[in-house]
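Shown next, in structure tokens, is the structure this report addresses.
The values are calculated or read from the model by the stated rules, or taken from the named source; none is laboratory data. Since the structure is predicted, the reported quantities are computational estimates derived from the model, not experimental observations. Don't worry about glycine lacking a Cβ; one is built from the backbone with ideal geometry, like all the others, and counts go over all protein chains shown.
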Amino acid sequence: MKLLVTFSRKEGKKPIIAQVVRDTGVLVSVERALIDSSEGEALIDIPDDTCRIVRDKLADLGAAVRFLEEEIALDESECVDCGACISICPQEVFSFDEESKLHMDAEKCVLCGRCIEICPHRALSRKSEA
Ligand code: SF4
Ligand code: SF4
């Protein structure tokens, strides 16, 4: 399960994800993080059965948590196999198969949304919006 965690840094730097790992014993995979002097945002991946304990711990530490269940959806009827999404994706989610048709490995996706913006045929969307 992927969680988007937002936290303030106005009261100083706190290793919030490290604290969650230490206090819950859950192994947290950080898939992307954007941190500036005032705020931080991290996309984390955790085992489904640990969602509640991790969410509660993050809330205790003052973070806002959103569950990300929407995956990226590919509308094959709109895709023209141009390859633009292959170039832009930082996770190598997309590739061409032997017949030069687009193949998608959704497990690797970190939901950054870049492919949605670049697709010239609007063949990609978040599943909740598809
Ligand atoms: S950018 Fe859009 S049209 Fe081009 S290969 Fe990717 S999904 Fe298909
Ligand atoms: S949302 Fe980001 S990581 Fe996921 S498939 Fe699109 S470009 Fe790749």
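Here is a list: 53, 46, 88. Which entry is of a type outside the set (Asp, Glu), in contact with a helix residue (DSSP H, G or I) (Cβ under 7 Å, 6 or more places away or on another chain) and outside the structural domain of residue 27 (by TED's automatic domain parsing)? I'd like the intermediate steps shown before the answer.
Numbers: 53 fails: outside the structural domain of residue 27 (by TED's automatic domain parsing); 46 fails: outside the structural domain of residue 27 (by TED's automatic domain parsing).
Being of a type outside the set (Asp, Glu), in contact with a helix residue (DSSP H, G or I) (Cβ under 7 Å, 6 or more places away or on another chain) and outside the structural domain of residue 27 (by TED's automatic domain parsing) holds for just one of 53, 46, 88, which is 88.
The lone criterion from (1) surrounded by 11 or more Cβ atoms within 10 Å (Cβ to Cβ); (2) in contact with a strand residue (DSSP E or B) (Cβ under 9 Å, 6 or more places away or on another chain); (3) of a type outside the set (A, V, I, L, M); (4) in the same structural domain as residue 10 (by TED's automatic domain parsing) left unmet by residue 38 is number (1). Among the numbered conditions (1) assigned to a loop (DSSP other than H, G, I, E, B); (2) in contact with a helix residue (DSSP H, G or I) (Cβ under 6 Å, 6 or more places away or on another chain); (3) modelled with pLDDT of 95 or more, the only one that residue 120 does not meet is (2). When the range 75-99 is limited to residues that are within 10 Å of ligand 1 (Cβ to nearest atom) and not hydrophobic (A, V, I, L, M, F, W, C), the one that is surrounded by the most Cβ atoms within 10 Å (Cβ to Cβ) turns out to be 81. Output the number of the condition that residue 125 fails; it satisfies all remaining conditions of (1) at pLDDT 95 or above; (2) within 11 Å of ligand 1 (Cβ to nearest atom). Every condition holds for residue 125 apart from (1). Count of the range 69-89 residues, restricted to those that are in a loop (DSSP other than H, G, I, E, B), within 9 Å of ligand 2 (Cβ to nearest atom) and either in contact (Cβ under 8 Å) with a residue 40 or more places away in the chain or more than 20 Å from the chain's Cα centre (by Cα) (or both), is 1. Scanning the range 20-65 for residues that are within 19 Å of residue 111 (Cβ to Cβ), in contact (Cβ under 8 Å) with a residue 40 or more places away in the chain and of a type in the set (Gly, Ala, Ser) yields 63, 64.
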